[in-house]
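The values are calculated or read from the model by the stated rules, or taken from the named source; none is laboratory data. Just so it is clear, the model here is predicted, and its values are computed rather than measured. Note: ideal-geometry Cβ built from the backbone for every residue, glycine included; neighbour counts use all protein chains shown.
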Amino acid sequence: MLDKNGIAKRIAKEIKDGYYVNLGIGIPTLVANFIPQGINVVLQSENGLLGMGPFPFEGEEDADLINAGKQTITTLPGSSIFDSAMSFGMIRSQKIDLTILGAMEVSENGDIANWKIPGKMVKGMGGAMDLVASAKNIIVAMQHVNKAGESKLLPKCSLPLTGVNCIRKVVTELAVLDILPEGGFRLVERAPGVSVDYIKQATAGKLFADENAPEMILN
Amino acid sequence: MINKVVAGADEAISDIKNGSTLMLGGFGLCGIPENCIAALVRKGVKELTCISNNAGVDDFGIGLMLQQHQVKKMISSYVGENAEFERQLLSGELEVELIPQGTLATRCMAAGYGMPAIFTPAGVGTEVAEGKETRNFNGKDYLMEYAFDADFALVKAWKGDTAGNLIFRSTSRNFNPVMAMAGKITIAEVEELVEPGVLDPDHIHTPGVYVHRIFQGANYEKRIEQRTVRPRN
């Protein structure tokens, strides 16, 4: 079973040289720490920055320079800054190669819910609806089951949707799964030490699982 | 050059009335019009509709206006950092319209470009789409979203000149330029106000034609929401 850093590490293997990547808040932010050496990747922050650098050294924080999670960050040589309309312009026109975001629920036909729990939590969708409606390649980083032990990979989402039929890959603490164009999760890799049966039990949506699905290689 | 300078925030916002619709620039607390917000709190205008990506935090930004119950309706994309906001929302005191962030930015842009509406795929198939016209272009569905109609836009820039030309600094640019273009009356507060000719015309982000009033702000707090650092080796 993977921890949050393990999920981030596995997702980082999906990033290719030359990609422009948008990382959501939470586990997706950790992916930046595991981008393979020797490949050139530009991180987009949708508040208006391409070429997001690491956190600043203590004492060098700049209140005018933050990422979409409102964290103080830095720029890099080659960074650029723009307004919010242009930021979502490059998202809608598919200039961003890969979007990685978190989810509360994902369904077997690729629907995603991650912005609202009616009556309980009203935080808003931020840029998530724009990202999932336009991105050509979206990976969801999430926990396979919730705190009550219930699957978050469902036949149909129960929470208000963020986007419809848009997710193609999910990475959880248990597995890497593709979502098939005709519907259903396909087990691609197991997390170290996790059995196919365990993944079957933790997946409420339709699952196509080869008994010989390989274990992931993280390093 | 037409002189757009007013004495300060109180004069700049003097004709904002109860029930006005305002746009407020900024992302989180980054690039917010701090001086104008303070002046609105002093003036005590109420029943405001505020279009802003976020709603501040409990004790800063738009949160200060929420404390005084000055806001009737918020139109935002993300409001997760404000407990007083959530309390007013769940108790029904405050009306909220949550919209996708790109839709928010592009509805501002449309207003500033003189276009009545835009088509966006964001929100198709979700509750955001309820009651909205959907059109199919090249096999994909899009929602029609209207340009915003705001009485005033309140923006914060780094430098500006007396003719209203603005330059923003770093990611405090965010929604400010598109909101500056979208207000019927746009009020810009700047950290440094200079004479015409000081700013290079090639470096202007917002041309002065979009700005109706400008003043040099004071005592910028520039509060940081998430102070994240890395250790020195």
Which of the residues belonging to the stretch B:53-75 are surrounded by 18 or more Cβ atoms within 10 Å (Cβ to Cβ) and either in a loop (DSSP other than H, G, I, E, B) or touching a strand residue (DSSP E or B) at 6+ places or on another chain (Cβ under 7 Å) (or both)?
B:53, B:54, B:55, B:56, B:61, B:62, B:63, B:65, B:70, B:71, B:74, B:75
Search the stretch A:20-38 for residues being in a strand (DSSP E or B) and surrounded by 20 or more Cβ atoms within 10 Å (Cβ to Cβ), and hand back the single one that is farthest from the chain's Cα centre (by Cα).
A:21
Is there any pair linking a residue in the stretch A:97-114 that is touching a residue at least 24 places away in the same chain (Cβ under 8 Å) to one that is aromatic (Phe, Trp, Tyr) and in a strand (DSSP E or B), with Cβ under 8 Å and at least six apart or on different chains, and which?
A:97/A:20; A:98/A:20; A:108/A:185
Can you pull out every residue in the stretch A:155-199 that is more than 25 Å from residue A:12 (Cα to Cα) and touching a strand residue (DSSP E or B) at 6+ places or on another chain (Cβ under 7 Å)?
A:155, A:156, A:157, A:158, A:159, A:160, A:161
I need the full set of residues from the stretch A:145-200 which are aromatic (Phe, Trp, Tyr) and either in a loop (DSSP other than H, G, I, E, B) or free of Cβ contacts under 8 Å to residues at least 60 places away in the same chain (or both), in order please.
A:198
Residue among A:152, A:147 that alone is among the basic types (Lys, Arg) and at pLDDT 95 or above
A:152
Residues of the stretch A:104-141 being within 26 Å of residue A:208 (Cα to Cα), in a loop (DSSP other than H, G, I, E, B) and facing another protein chain (nearest Cβ under 10 Å), which ones?
A:111
Per the filter on the stretch B:135-144, residues exposed (fewer than 13 other Cβ atoms within 10 Å of the Cβ) and within 12 Å of chain A (Cβ to nearest Cβ) are B:140
Flag if residue A:50 is outside any loop (DSSP other than H, G, I, E, B), touching a strand residue (DSSP E or B) at 6+ places or on another chain (Cβ under 9 Å) and surrounded by 18 or more Cβ atoms within 10 Å (Cβ to Cβ):
yes
Kindly indicate whether any position in the stretch B:25-35 is over 30 Å from residue B:136 (Cβ atoms), in contact (Cβ under 8 Å) with a residue 24 or more places away in the chain and touching a Pro at 6+ places or on another chain (Cβ under 9 Å).
yes
Here is a check on your reading of the model: is residue B:97 acidic (Asp, Glu) and more than 12 Å from chain A (Cβ to nearest Cβ)?
no
